[in-house]
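One structure is given below, encoded as structure tokens.
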Amino acid sequence: MLTPSQKQLVSQAALQFDALNEDRFCQLCQNPELIQSANDHELICFLEIANALYRGGEPLISDADYDFAYLAELKNRHPEHPLLQTVEPEPAFAGKTVDLPVTMLSTDKAYSLDDVQRWAGRIEKAAAELDKIFAELLFKVTPKLDGYAAYDDGQMLYTRGDGRKGQDISRVFERGLQVANQGKRGLGPGEIVVSRSYFDEKLADVFDNARNFQASVIKEKQLDAHAEQAIRDHAAVFYPFTLLPHWSGTWQTLISDFENIIKHIWHALDFDVDGVILEIVDEELKSFMGATRHHHRWQLAYKENLQTAEVQVLSVTPQTSRSGRITPVAELEPVRLSGALLSRATAHHYKMVLDKGIGPGALIQLARSGEVIPKIEQVLRPATPQVPEQCPSCGHSLIWDNDYLLCPNNLNCPAQISNSMEHFFRVLKNNDGFGAASIKKLYEFGIRRVDAIYALSAEQFESMGFGPKQSQNLLEQLHRSRSETVEDWRFLAAFGVFRMGLGNCERLLAHYRLEDIFKLNEADIIVIEGFAEKTAAVITEGFANIKPLFDQLMTLGFNIQTSQRDLTDSSHPLAGKALVFTGTLHSGSRDELSKQAKTKGAKVGNSVSAKTDYLVAGDNVGANKLTAARDKGVVIINEQEFLQLLNGVEK
């Protein structure tokens with residue numbers, strides 16, 4: 001059972017044992033393999049509570065088990081679930097909630113050299129778009145501290161919170177906490193950490209673990225005498241990332257001596273470190289690559305994953321996803337790896353199944369690879385694969401789409417319909433009760449669309465097998481989902497249009513009103529930063545497909561909060577203009593100038609198209625990019641001319 005302090009953390013995080021009780025939660029903590037038996041609501045509830053306990057210094061499971069056993073299960077079931085796309089919140093302490101000076105995101109993770117090389121490939125592609133020479137770019141490697149994330153602006157110390165809003169914990173400096181290496185205040189993001197050797201020698205008998213100690217430093221209660229002494233001894237410090245020891249060099253130098261460089265940086269500090277951070281140094285490139293709602297694309301956390309196991313494949317089960325893709329899941333002889341009992345592994349797609357010979361009797365090498373279900377490293381003894389001809393959900397004949405088998409029966413396939421309906425309620429995030437089990441039952445009684453669910457009465461829910469109290473609760477939750485405020489980008493993301501996750505929806509609706517998206521063509525979308533030509537084509541087709549359902553749901557009166565900013569001056573020279581920045585700029589970073597242009601009503605994109613009005617060219621612009629702009633009839637202006645337009649001076 002949970003201790004009183006652990007229960008307090010759950011309460012502070014505004015969480016409840018609703019989908020699962022406390023006994024069930026503790027059972028899942030002690031037996032990671034049982035998480036596969038949990039339903040979706042239990043799994044989400046478990047992850048949220050486990051995260052709150054871990055970040056509050058009272059963990060019941062390890063960080064590795066959280067990633068490898070529990071979060072992996074969610075990614076296996078719902079790879080686009082919002083919990084996987086947003087920053088995991090820090091616990092709330094006493095103190096006002098305030099906007100962070102900068103967004104503090106999580107870091108994407110890699111567990112193999114292949115993952116690191118794929119990340120570098122994305123950087124190389126982005127560099128080429130900016131006419132930068134990849135071989136000359138500098139990379140930096142720093143230790144990944146395992147402490148308590150915070151941000152110091154010199155006046156206030158903030159918790160990371162949800163990445164956008166945190167809390168004032170400046171009291172830790174008032175208690176005597178120092179900046180590491182005798183550093184000054186105001187150095188931005190960092191972590192509150194304690195010396196590993198000091199903790200082992202003087203604190204291990206008092207605190208369960210270093211995270212438990214870190215949380216005690218932050219909490220509003222009076223400090224433990226041992227914690228006060230650790231602060232006086234400067235064993236506990238705030239360590240800004242800018243002061244961390246680091247290695248820097250070109251990609252070729254890094255990759256040619258990767259193991260030694262990583263080992264050296266990993267062990268450079270007497271603090272808990274659970275990996276290394278790799279990042280590109282070039283500010284323009286960082287701005288260009290941007291971020292998802294969860295992590296910066298120009299940064300990567302590398303964590304070693306050395307444990308593997310040889311295991312036999314029993315069978316390969318096809319599963320139909322929301323998009324209609326058929327995912328092959330290898331059912332395995334149960335094997336314990338990195339602390340969890342595993343019995344399944346993804347084979348990604350059926351082209352892989354055919355190429356590698358993944359079938360009953362195959363012997364594979366299995367590895368746990370981060371926030372995904374176990375990964376097949378290699379096939380040691382191939383077997384004859386079994387490739388389905390019909391969709392396991394609806395029986396429709398399957399077709400090949402590149403490497404994937406696809407069920408084209410999207411309008412009548414139970415798995416696709418059920419998964420889409422469940423996705424809608426899950427992404428709205430303002431309702432309870434419409435998980436996989438409830439949606440399955442509704443489907444069995446002929447419910448095929450989300451709008452049909454909203455039309456149900458309590459009596460109809462009861463007639464389908466829901467209890468009287470549950471039926472009334474479901475009705476109340478439907479009302480809640482319409483009455484509670486929901487952001488327009490979240491509402492749009494709930495429809496599950498391919499390539500329109502939370503981040504892309506937020507980017508799009510910063511420029512266009514929700515009701516206008518169905519009028520957009522590909523060129524309108526391409527000019528927005530983060531959208532490519534192929535993506536735009538898929539998106540416009542997806543919007544056309546959801547429009548009937550969208551129109552029907554809009555009649556129900558959802559309380560939608562718009563992202564669109566009203567232009568203060570529609571006559572401004574930049575209002576409605578599409579801009580692309582290129583080259584080296586001197587009056588601010590590309591991101592800063594983009595934001596200034598957007599406040600005047602401009603749309604800022606990554607690549608030049610026929611819809612681009614101005615190409616703002618800084619220094620060192622490649623001739624090919626200028627020629628392409630001229631060929632498309634785009635007006636090329638320099639940085640000074642842009643600043644004049646920004647200040648309202650017509651060109």
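The values are calculated or read from the model by the stated rules, or taken from the named source; none is laboratory data. Quick caveat: nothing in here was measured; it's all calculated off a predicted structure. Because the Cβ atoms are built from the backbone with ideal geometry, glycine has one as well, and the counts that use them run over all protein chains shown.
Listing for the model above:
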quantity: Test result for residue 502, touching a Pro at 6+ places or on another chain (Cβ under 8 Å) and either in the same structural domain as residue 418 (by TED's automatic domain parsing) or not aromatic (Phe, Trp, Tyr) (or both); calculated: yes
quantity: Lone unmet requirement of (1) part of a loop (DSSP other than H, G, I, E, B); (2) within 30 Å of residue 279 (Cα to Cα) for residue 206; calculated: (2)
quantity: Of residues in the range 395-408 being in contact (Cβ under 8 Å) with a residue 60 or more places away in the chain and surrounded by 15 or more Cβ atoms within 10 Å (Cβ to Cβ), the one farthest from the chain's Cα centre (by Cα); calculated: 398
quantity: Selection from the range 244-260 of residues that are touching a residue at least 40 places away in the same chain (Cβ under 8 Å), assigned to a helix (DSSP H, G or I) and surrounded by fewer than 18 Cβ atoms within 10 Å (Cβ to Cβ); calculated: 252, 255, 258
quantity: Close pairs from the range 320-338: first over 30 Å from residue 421 (Cα atoms), partner among the hydroxyl-bearing types (Ser, Thr, Tyr), Cβ under 6 Å, at least 6 apart; calculated: 332/343; 334/343
quantity: Test: residue in the range 380-388 that is closer than 25 Å to residue 552 by Cβ and not assigned by TED's automatic domain parsing to the domain that holds residue 502; calculated: no
quantity: Matching residues in the range 1-18 - criterion: being in contact with a Cys (Cβ under 7 Å, 6 or more places away or on another chain) and either crowded, with 16+ Cβ neighbours inside 10 Å or part of a helix (DSSP H, G or I) (or both); calculated: none
quantity: Every residue from the range 328-342 that is in contact with a helix residue (DSSP H, G or I) (Cβ under 9 Å, 6 or more places away or on another chain) and part of a strand (DSSP E or B); calculated: 328, 329, 330, 334, 336, 337, 340, 341, 342
quantity: Among (1) modelled with pLDDT of 85 or more; (2) in contact with a strand residue (DSSP E or B) (Cβ under 9 Å, 6 or more places away or on another chain), the one test that residue 45 misses; calculated: (2)
quantity: Number of positions in the range 482-493 that are touching a Phe, Trp or Tyr at 6+ places or on another chain (Cβ under 9 Å), touching a residue at least 40 places away in the same chain (Cβ under 8 Å) and buried (at least 22 other Cβ atoms within 10 Å of the Cβ); calculated: 1
quantity: Residue check for residue 236: under 23 Å from residue 184 (Cα atoms), buried (at least 20 other Cβ atoms within 10 Å of the Cβ), without any contact (Cβ under 8 Å) to a residue 40 or more places away in the chain and not acidic (Asp, Glu); calculated: no
quantity: Residue within the range 225-246 that is over 30 Å from residue 137 (Cα atoms) and in contact with a Ser or Thr (Cβ under 7 Å, 6 or more places away or on another chain) present; calculated: yes
quantity: Residue selected from the range 288-310 under the condition more than 18 Å from the chain's Cα centre (by Cα) and either in a helix (DSSP H, G or I) or among the β-branched types (Val, Ile, Thr) (or both), by the criterion surrounded by the most Cβ atoms within 10 Å (Cβ to Cβ); calculated: 288
quantity: Helices (runs of 4 or more DSSP H) within the range 395-460 that include 3 or more residues in contact with a strand residue (DSSP E or B) (Cβ under 8 Å, 6 or more places away or on another chain); calculated: 414-428
quantity: Any hit, the range 189-202, residues being of a type in the set (D, E, K, R), in contact (Cβ under 8 Å) with a residue 12 or more places away in the chain and assigned to a loop (DSSP other than H, G, I, E, B); calculated: no
